[in-house]
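Values quoted throughout were computed directly from the atomic coordinates according to the rules given, and no laboratory measurement underlies them. Model, not experiment: these values are computed from the prediction. Counting neighbours? That spans all protein chains shown, and the Cβs are built from the backbone with ideal geometry, glycine included.
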Amino acid sequence: MPFVSLLTDFGLQDPYVGILKGVIWGIAPQAQLIDLSHGIPPQDVAAARFALMTAYPHLPSGTIHLAVVDPGVGSHRRAVAIQTQEGYLVGPDNGLFSGVLEQSPPLAAVELNRPRYWRTLSPSRTFHGRDIFAPVAAHLANGIPLLELGDPFDVAELTPWNWPQPQEEPNGWRGLIQAIDHFGNGITNLPGHWVEGRSWSAWIKGIPVRSAATFAEGRQGELLALVGSSGWVEIVQNRGNASRSLDFKVGDEVRLQWNG
């Protein structure tokens, strides 16, 4: 029984999510749908990239991941389906899938240019999720081979994510905030295993933040740096919202400093 995960910036006020599901079930009624999130901030490809990258290892092998955060919809950006060892990715080629592909390299990719697998021969210029991506995900769920869905291209041509990599410093590392979750936790691009067995602290916006293992180690309202559930160093606040308190945003610099 095929699983199809859904990740969008559509929200829940409008009928767009329901429309996606209806299109998929109209083609593949046996598909099991998993709502990862529909609360990605509008057009925020970075947030979508992080959410998919974080969720991907926890979903069943063979899942078809339909991700539609597509500020370039209707433009010359490529519509793609990608095969990995663990499943498939369907959506716009705008860097959204780059985090997943760092974990699970692409085996093959096709451009979705075969209208017989679309919902209509004249897709909307503003809703490729409905007219191209959802139908393709459904056809994959029905067992249609990837190479039937479009023309293959070199996976090296997939759009990368131009994100600065962490830089090592004499007494630590310099990275950045790559995502901010619902609780206001600032999730950095600094892997948590780098701080294992070390005494360390963090700096953000010129403010020192002590390290801890859990939220409960801090006083109410205290800012802390810890390794979160996704495996990255995070800037958090015990019973508070660190992003709001420190006024940081995605892309802001974070430094790790070794103590002693």
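Across the stretch 173-212, the number of residues qualifying as in contact (Cβ under 8 Å) with a residue 40 or more places away in the chain, touching a helix residue (DSSP H, G or I) at 6+ places or on another chain (Cβ under 7 Å) and either over 16 Å from residue 250 (Cα atoms) or of a type in the set (Lys, Arg) (or both) comes to 2. I'd like the full set of residues that are in a strand (DSSP E or B), under 30 Å from residue 189 (Cβ atoms) and out of contact with any Asp or Glu (no Cβ under 6 Å at 6 or more places or on another chain), limited to the stretch 1-33. Those that are in a strand (DSSP E or B), under 30 Å from residue 189 (Cβ atoms) and out of contact with any Asp or Glu (no Cβ under 6 Å at 6 or more places or on another chain): 3, 4, 5, 7, 8.
For every residue, the table says whether it meets (1) buried (at least 16 other Cβ atoms within 10 Å of the Cβ); (2) in a strand (DSSP E or B).
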| position | (1), (2) |
| --- | --- |
| 163 | no, no |
| 178 | yes, yes |
| 182 | no, no |
| 194 | yes, no |
| 229 | no, no |
| 255 | yes, yes |
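Checking each residue in the stretch 34-58 for being charged (D, E, K, R), closer than 15 Å to residue 99 by Cβ and not in a helix (DSSP H, G or I) picks out only 44. Give the stretch 30-64 a look and list any residue that's aliphatic (A, V, I, L, M) and more than 12 Å from the chain's Cα centre (by Cα), or say none. Selection gives 31, 33, 34, 59, 64.
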